[in-house]
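What follows is one structure encoded as structure tokens, with my remarks underneath.
The values are calculated or read from the model by the stated rules, or taken from the named source; none is laboratory data. Predicted, not measured: the structure shown is a model, and the values here were computed from it. As a convention, Cβ positions derive from the backbone with ideal geometry for all residues, glycine included, and neighbour counts pool all protein chains shown.
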Ligand code: SF4
């Protein structure tokens, strides 16, 4: 991981562009697609969109109006701020008891490419992350068939003891459910134990698409939507912040995407604690669904914009550049997105370009800031909990 360098471009550069995105009120009379006019009126009035509104957005080809509507919401929530963080992903093993069809990451023990890091290796990586000035490690892996729950607790407390300032964002809902099974503890007890050992927050992976038919066709054996929701609800009740995802562009329908977002909105109303929605663009290469075409750029932009519009109770919409590409992520800042994720460095689960062999996927802080400034926004480094980071090279502190 490269040490943090002070960026060349500044907030003043963004202001000088004089560009404030496509935000602001859109006169419904100017919208060419009549089906979008009532949606625009609701957005302007701050009313929530329903299923039919979501479908009207998906069925429209007026991508610029959809983007402008999403951007008006984005701008009212965040102005011209665009967030990023300095982090590194650690995928501790790709050995997994399951074999989800969409997954090119998992291996069985002994299979070519299978790996599992030992604790010393993980501590070494965490040391590099800390020395480079990152604020977060993002730790997820396969459902390892033999590692005991105590190993995960030791991993967290070992990192925290050595590098206390690092925030540990760890484990998807399916891993939490797996820990509950292997430890014979309840989900609540598992989360409490992880928190005692250093867990700071949870990522949002594993949500896929909340539909049992799709689930059984593509993710059979994996935690179903009710289980995913139960884990996140419990985390929120314990005060643990989490994120949410939707994996789109495989066998699901657009209606199922809208329903997925509505279920997330409902859970956030009932048990608040989601920080952001991260729409993950399905990349078929290397998976059992490799015959599928994957998403186009317009589909990606619509998914991000519609997420912003359907989820007004989610503070943030993140473009995960590994999935959407850095160039589209830059454009997405004008389609409802306010967060470009982080430097990442190594990501073993998916690689969009250049095949699946090289998993080194790193953006420099300078590049992320340049892309944000060029799009007319003000780059703000955040920590995992969206507090502003005041940085001087590798030294940093958060603004409470
Ligand atoms: S998606 Fe997760 S649970 Fe499914 S096979 Fe891949 S690593 Fe295992």
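Mind checking whether some residue in segment 273-295 is at positive phi and modelled with pLDDT under 95? The answer is yes; a qualifying residue exists.
Cβ-Cβ distances below 9 Å connect no pair with a first residue in segment 253-276 that is free of Cβ contacts under 8 Å to residues at least 24 places away in the same chain, a second residue that is surrounded by fewer than 17 Cβ atoms within 10 Å (Cβ to Cβ), and a separation of six or more residues or different chains. Considered as a group, the residues in segment 125-145 that are away from the ligand (no atom under 13 Å from the Cβ) and within 30 Å of residue 292 (Cα to Cα) include one that is surrounded by the most Cβ atoms within 10 Å (Cβ to Cβ), and that residue is 139. Condition check: more than 16 Å from the ligand (Cβ to nearest atom), buried (at least 17 other Cβ atoms within 10 Å of the Cβ), modelled with pLDDT of 95 or more and in the same structural domain as residue 228 (by TED's automatic domain parsing). Does residue 166 satisfy that? Spelling it out, residue 166 is indeed more than 16 Å from the ligand (Cβ to nearest atom), buried (at least 17 other Cβ atoms within 10 Å of the Cβ), modelled with pLDDT of 95 or more and in the same structural domain as residue 228 (by TED's automatic domain parsing). How about segment 146-156: which of its residues are without any contact (Cβ under 8 Å) to a residue 60 or more places away in the chain, away from the ligand (no atom under 16 Å from the Cβ) and part of a helix (DSSP H, G or I)? Residues satisfying the conditions are 149, 150, 151, 153, 154, 156. Report yes if some residue within segment 293-309 is more than 21 Å from residue 59 (Cα to Cα) and touching a helix residue (DSSP H, G or I) at 6+ places or on another chain (Cβ under 7 Å); otherwise report no. No - not one qualifying residue is present in segment 293-309. Being within 16 Å of the chain's Cα centre (by Cα), over 15 Å from residue 177 (Cα atoms), assigned to a helix (DSSP H, G or I) and not assigned by TED's automatic domain parsing to the domain that holds residue 56 is a property that residue 232 lacks.
Put simply, of 122, 176, 159 the only residue that is in contact with a helix residue (DSSP H, G or I) (Cβ under 7 Å, 6 or more places away or on another chain), assigned to a helix (DSSP H, G or I) and within 16 Å of the ligand (Cβ to nearest atom) is 176.
Scanning segment 75-89 turns up at least one residue that is outside any loop (DSSP other than H, G, I, E, B) and within 16 Å of the ligand (Cβ to nearest atom). How many of the residues in segment 179-209 are within 16 Å of the ligand (Cβ to nearest atom) and either out of contact with any helix residue (DSSP H, G or I) (no Cβ under 6 Å at 6 or more places or on another chain) or in contact (Cβ under 8 Å) with a residue 40 or more places away in the chain (or both)? Of the residues in segment 179-209, 8 are within 16 Å of the ligand (Cβ to nearest atom) and either out of contact with any helix residue (DSSP H, G or I) (no Cβ under 6 Å at 6 or more places or on another chain) or in contact (Cβ under 8 Å) with a residue 40 or more places away in the chain (or both).
Of all positions in segment 95-102, none carries a residue that is in contact with a helix residue (DSSP H, G or I) (Cβ under 7 Å, 6 or more places away or on another chain), assigned to a loop (DSSP other than H, G, I, E, B) and either away from the ligand (no atom under 16 Å from the Cβ) or modelled with pLDDT of 95 or more (or both). Just one of (1) within 30 Å of residue 368 (Cα to Cα); (2) at pLDDT below 95; (3) within 16 Å of the ligand (Cβ to nearest atom) fails for residue 22. It is (3).
Going through 384, 350 one at a time, which residue ends up being in the same structural domain as residue 327 (by TED's automatic domain parsing), assigned to a loop (DSSP other than H, G, I, E, B) and modelled with pLDDT under 65?
Every option except 350 fails the conditions.
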